[in-house]
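Below you'll find the structure, written out as C-alpha cells, and then a few comments.
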Amino acid sequence: MKIRLDTAVCRGGARCWENVPDVFGKDERNHAVLKSADIPDDPQVQSDVSWAVSACPTGALSIIED
C-alpha cells in the first residue's frame with residue numbers, strides 16, 4: 001500500500017500531518033510532504049492514513065494498492 005500526494009493541490013489543511021506524523025510531515029508553508037510513500041503494515045497506521053485521505057479538504061491524497 002502506498003500513498004500519493006499531489007503537491008499542486010495541497011493547501012495545508014493539516015489533517016494528514018497532525019494526525020499521522022509517522023507518514024506525513026510539513027514544509028515551510030505548512031503544506032504536506034511524504035516522509036515515505038510506503039504505508040507501514042500496521043493496521044492502525046493504515047486506518048489513520050485512510051482517514052487522512054478521506055478528510056483531506058482538497059483531495060490531494062490518494063492510496064495506491066500494491
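The values are calculated or read from the model by the stated rules, or taken from the named source; none is laboratory data. Please read these numbers as outputs of a predicted model, since none were measured by experiment. Cβ sites come from the backbone with ideal geometry, for glycine too, and all protein chains shown count toward neighbours. Remember, those area values only see protein heavy atoms, side chains included, never the ligands or the DNA or RNA. Shrake-Rupley method; radii C 1.70, N 1.55, O 1.52, S 1.80 Å.
Miscellaneous remarks
- Residue in segment 47-66 that is least open to solvent (accessible area, probe 1.4 Å), counting only those that are among the small types (Gly, Ala, Ser) and in contact with a helix residue (DSSP H, G or I) (Cβ under 7 Å, 6 or more places away or on another chain): Ala52
- Selection count, segment 2-46, where residues are among the β-branched types (Val, Ile, Thr) and open to solvent by less than 30 Å² (accessible area, probe 1.4 Å): 5
- Residues that are assigned to a strand (DSSP E or B), among the charged types (D, E, K, R) and in contact (Cβ under 8 Å) with a residue 24 or more places away in the chain are absent from segment 45-63 altogether.
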